[in-house]
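Some notes on the structure that comes next.
The values are calculated or read from the model by the stated rules, or taken from the named source; none is laboratory data. These numbers were taken from a predicted model, which means no experiment stands behind them. Counting neighbours? That spans all protein chains shown, and the Cβs are built from the backbone with ideal geometry, glycine included. Protein only, heavy atoms only, side chains kept; ligands, DNA and RNA dropped before computing areas. Shrake-Rupley method; radii C 1.70, N 1.55, O 1.52, S 1.80 Å.
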Amino acid sequence: MTISRRSCVALAVAIGTVLAVTSCTLPADAQSTPDGVTSLASWAEYELAALPGVVAVEAGQYNETDDVGADMLDADLWGMDLDVVVDPLIGADDIAAVAEATREFSETHAGTAVWAARVTIAPATETVDDSSTPDRLRVDVYPEVVGSAGDAARAALEVSAIPSVASVTVMSVPSIQVTEAADLGAALDAVERLPFWAEGGNLSTVDGRVRLADVPELITNAGLLAIADTARAHPGGQFWLEAANEGPRYPELYVDGVSVDEAAAIAARFLDPAMTAATASAYVLEFNIRAVGAEGAIDTYGTFGGVPSP
């Protein structure tokens, strides 16, 4: 008998009578593995594919040891990449239920091997495994989740209804893509009032030309909108307000792809003393602009409002 790490059993045999020690249960692979289930991937499909609205269960199981014959129900030896695809037409309640069920399944079955699970909300007619296009709505539910799995799924569905929003992903922080740079302000105004955006997130254009890390305790909406407005005024430039998604988030702005004259105009705008309104909590927001002139790359550095660097 193989004893799993999640359960234990102590058996004593005396004159044909089996005495079970209390507080222990039979291991899952001996007690509750459904008939026909031989792997973690098939178990995920067995439990989750039957939920209302589930279009597909993409369960990729991979071995993390050299033992290719290892027990495929042992999550200490096999990693999992689990994607449960849900049709948005079933509604928010059922979508939230699928998200919660996917997280619960992962919490129950994950071991020491790497395990990641998400819910992708997409019509059945879409090709969900096409890596060339972003998932319209994706919510990571394991190992990390923003708030609760159900609430994150509901929020993603709500945000997707905002005009011009092209995709929503909820990973370590929420991320939203809009169609054009001109749509950034309206999207920011809509999402900042939602509970799942309380600690901010990432807002960008589909083409990646403009990316804004919204860190509310450090950067104000005035600062974000100033960057978005400047990006619209210089459509050939790339504007990335970058911050780490995990741990301390300290934004810094990088501008690329502009002319020398444009770089000078952008720097003058950001250095204006009025731009101290771009930051909160006395945070010093730095910008880095790279322009290409006749003699090569020219870099311009400064801080919003021209305040001294720390």
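At-a-glance table
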| quantity | calculated |
| --- | --- |
| Every pair of residues 6+ apart whose Cβ atoms lie under 8 Å, when the first sits in region 134-155 and is without any contact (Cβ under 8 Å) to a residue 60 or more places away in the chain and under 17 Å from Trp197 (Cβ atoms) while the second is open to solvent by less than 40 Å² (accessible area, probe 1.4 Å) and basic (Lys, Arg) | Arg138/Arg118; Val139/Arg118; Asp140/Arg118 |
| Matching residues, region 220-235, being open to solvent by 60 Å² or more (accessible area, probe 1.4 Å) and in a loop (DSSP other than H, G, I, E, B) | Pro235 |
| Qualifying positions in region 39-73 - in contact (Cβ under 8 Å) with a residue 60 or more places away in the chain, more than 17 Å from Arg118 (Cβ to Cβ) and surrounded by fewer than 19 Cβ atoms within 10 Å (Cβ to Cβ) | Asp71 |
| Pairs with Cβ under 6 Å, 6+ apart, first in region 287-302 and without any contact (Cβ under 8 Å) to a residue 24 or more places away in the chain, second surrounded by 10 or more Cβ atoms within 10 Å (Cβ to Cβ) and among the aliphatic types (A, V, I, L, M) | none |
| Given (1) touching a helix residue (DSSP H, G or I) at 6+ places or on another chain (Cβ under 6 Å); (2) free of Cβ contacts under 8 Å to residues at least 40 places away in the same chain, number of the condition Arg232 does not satisfy | (2) |
| Evaluation of Val146 against (1) surrounded by fewer than 15 Cβ atoms within 10 Å (Cβ to Cβ); (2) part of a loop (DSSP other than H, G, I, E, B) (one fails), failing number | (1) |
| Unique residue being modelled with pLDDT under 90 and acidic (Asp, Glu) when the list is Glu242, Glu246 | Glu246 |
| Check on Asp183, at pLDDT 90 or above and open to solvent by 70 Å² or more (accessible area, probe 1.4 Å) | no |
| Positions within region 249-274 being modelled with pLDDT of 95 or more and closer than 30 Å to Val145 by Cα, in sequence order | Pro251, Glu252, Leu253, Tyr254 |
| Ala96 vs. criteria in contact (Cβ under 8 Å) with a residue 12 or more places away in the chain, open to solvent by less than 20 Å² (accessible area, probe 1.4 Å) and more than 29 Å from Arg154 (Cβ to Cβ) | no |
| Of all residues making up region 190-219, the number that are open to solvent by 60 Å² or more (accessible area, probe 1.4 Å) and in contact with a helix residue (DSSP H, G or I) (Cβ under 8 Å, 6 or more places away or on another chain) | 2 |
| Residue in region 63-71 that is acidic (Asp, Glu) and within 20 Å of Pro34 (Cα to Cα) present | yes |
| Helices (runs of 4 or more DSSP H) wholly inside region 1-115 containing at least 3 residues that are modelled with pLDDT of 80 or more and in contact with a strand residue (DSSP E or B) (Cβ under 8 Å, 6 or more places away or on another chain) | 40-48, 92-109 |
